[in-house]
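I have placed the structure first, in the form of structure tokens, so that the comments after it can refer back to it.
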4 protein chains.
Amino acid sequence: MRAPAMSADDIALLLHAEFPQAFYPGCGHSIERVDFGKARVRWAFDESSLRPGGTVSGPTMMELADFAMYVAVFSAIGPQPLAVTTNLSINFLRKPARADLIANARLMKVGKRLVVGEVTIYSEGTDEPVAHVTATYSIPQAC
Amino acid sequence: MRAPAMSADDIALLLHAEFPQAFYPGCGHSIERVDFGKARVRWAFDESSLRPGGTVSGPTMMELADFAMYVAVFSAIGPQPLAVTTNLSINFLRKPARADLIANARLMKVGKRLVVGEVTIYSEGTDEPVAHVTATYSIPQAC
Amino acid sequence: MRAPAMSADDIALLLHAEFPQAFYPGCGHSIERVDFGKARVRWAFDESSLRPGGTVSGPTMMELADFAMYVAVFSAIGPQPLAVTTNLSINFLRKPARADLIANARLMKVGKRLVVGEVTIYSEGTDEPVAHVTATYSIPQAC
Amino acid sequence: MRAPAMSADDIALLLHAEFPQAFYPGCGHSIERVDFGKARVRWAFDESSLRPGGTVSGPTMMELADFAMYVAVFSAIGPQPLAVTTNLSINFLRKPARADLIANARLMKVGKRLVVGEVTIYSEGTDEPVAHVTATYSIPQAC
């Protein structure tokens, strides 16, 4: 398998340097594993994200999916902090458990200008996905 | 024009009762106007949501769009706090300004089981949208 | 209002030259109106597109929406027959009538590399949309 | 593995009975394999679907994906010809080859009211997908 362009640790250091207000120890997001074009990230369960019915909020899952994609983009093309999401589509499949969320991102296309991937989100300890996301990132060009 | 099923004030009271941890004075989200099947909501600019390049984060816009749709759903069918988003698709169009965001939600279908709408997000004081969202809500059924 | 980059007639001539097998008199698709970044196109009702329940098929509406967007792209940036759809998302809102379909496309962003728009489809003679589409086109670059 | 609710042959017979004008020997669409919640279908290459640049048209891929999902829905819940697509989102990833297309559909959620799945489309003989689709079907209810 092709080696990732950046390791999980290097991506974490870059994110902390670029988004100190969003990515820091205790922020709730962490990177568990990175392969080329793939990333597994975690969101630590937090009561404050619950919505009526006791389920994790949709925005919490959208933010986690965007984070997972961003890490996967770095794993494939290296440090590109100015890569931006152009489209994100999420299907909410099941009510999440009161547990951590695990997001597995997988890139389907790594183009010069556009990167497209999908993210599947699970409640830790369950087999059935709680949400599925497809997203497109636009990569800044020299020209 | 048909009257909304709930006023902006009634929706704000319901949201505060149902989501005290998420919707409260100073949370950054406010409801500016409600008509039948339509809502205009605001996100107060907050430096902590900036990402590299000094732009407002995507998740901030996704959360605002979901909030705007949720208010619009209440405006059409009344209090249904257990209505859940089943699909949300966002296109990021332009870099937002360092300013408040205004989201205009408009329902395109109000069905017995599914409600579908679109949300257009602007940076305050600009005419060109920064993001466009379509979303589907599922309404709990008696049977 | 800014003038379109190409007229409806010029776009029809270009499409007929580029897609003789798909766009020709009697193909069922026609261009009714073009403004800058906007297009109204028509699909002529055809029994053979009906599906169980007597409704127009989804692929018929997806094809019409893609056609409307394609015409709108030409109206904004001129002849770019190699522009390609990168993403198309459609919400089916109501059962279409046994009638022609009218699709109104409106571009929301005309960028150097990406064009994003929405298309609303109606059954002729009805006010409520039968489908809503958002789509992104990628524009070939010199560099 | 759970057995499918209908076999490939039974689904083909049902589709031919319900859509004689769209699904018949030589229509270009065929069902290659069905498992519970999964389907592999084929589109036979046809010059008339080519667009400028010699690539297969987007609508051809959208129609194939919708067909694959429809078959997968039957494989999970049995004959429901009135099941309707409510949302379909497609990402076009690569230029297809001048070859048959193979679409693999996989359901991610089989609910009482909504079925959600993804479809990956390949040009026969290639490993990299040409398009990826997510779609939601609404199932008619007794009540």
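Return the total of residues in segment C:71-128 being under 22 Å from A:L88 (Cα atoms) and of a type in the set (G, A, S).
Result for segment C:71-128: 5.
Report the residue count in segment A:133-143 for those that are in a strand (DSSP E or B) and either surrounded by fewer than 23 Cβ atoms within 10 Å (Cβ to Cβ) or acidic (D, E) (or both).
Number of matching residues: 1.
Just the residues that are more than 9 Å from chain B (Cβ to nearest Cβ) and of a type outside the set (F, W, Y), please, taken from segment A:66-84.
The answer is A:A68, A:M69, A:V71, A:A72, A:V73, A:S75, A:A76, A:I77, A:G78, A:P79, A:Q80, A:A83.
When segment B:15-31 is examined, which residues are found to be more than 16 Å from A:L50 (Cα to Cα) and part of a loop (DSSP other than H, G, I, E, B)?
Result: B:P25, B:G26, B:G28.
Report whether or not D:P20 is under 15 Å from the mean Cα position of the chain (by Cα) and surrounded by fewer than 19 Cβ atoms within 10 Å (Cβ to Cβ).
In short, no.
Give the number of residues within segment A:23-34 that are small (G, A, S) and surrounded by fewer than 15 Cβ atoms within 10 Å (Cβ to Cβ). Explain how you work it out, then say what you get.
To start, the set of residues in segment A:23-34 that are small (G, A, S) comprises A:26, A:28, A:30.
Those still in the list that are surrounded by fewer than 15 Cβ atoms within 10 Å (Cβ to Cβ) too: A:26.
Of the residues in segment A:23-34, 1 are small (G, A, S) and surrounded by fewer than 15 Cβ atoms within 10 Å (Cβ to Cβ).
Are any residues in segment B:51-65 facing chain A (nearest Cβ under 7 Å) and more than 24 Å from D:T136 (Cα to Cα), and if so, which ones?
Matches in segment B:51-65: B:R51, B:P52, B:G53, B:G58.
So B:G37 passes all but one of these: (1) more than 9 Å from chain A (Cβ to nearest Cβ); (2) at positive phi; (3) at pLDDT below 95. Which condition number does it fail?
Of the numbered conditions (1) more than 9 Å from chain A (Cβ to nearest Cβ); (2) at positive phi; (3) at pLDDT below 95, the odd one out for B:G37 is (3).
Taking only segment D:85-143 into account, find how many residues are more than 9 Å from every other protein chain (Cβ to nearest Cβ) and free of Cβ contacts under 8 Å to residues at least 24 places away in the same chain.
So the answer is 2.
For B:A12, only one of the following conditions fails: (1) surrounded by fewer than 18 Cβ atoms within 10 Å (Cβ to Cβ); (2) among the hydrophobic types (A, V, I, L, M, F, W, C); (3) assigned to a helix (DSSP H, G or I). What is its number?
Exception for B:A12: condition (1).
Filter segment A:23-34 down to residues that are within 12 Å of the chain's Cα centre (by Cα) and either free of Cβ contacts under 8 Å to residues at least 60 places away in the same chain or at the interface with chain B (Cβ under 10 Å from one of its Cβ atoms) (or both), then give me how many there are.
Qualifying residue count for the region: 5.
The values are calculated or read from the model by the stated rules, or taken from the named source; none is laboratory data. For clarity, every value in this text was computed on a predicted model and none was experimentally measured. Because the Cβ atoms are built from the backbone with ideal geometry, glycine has one as well, and the counts that use them run over all protein chains shown.
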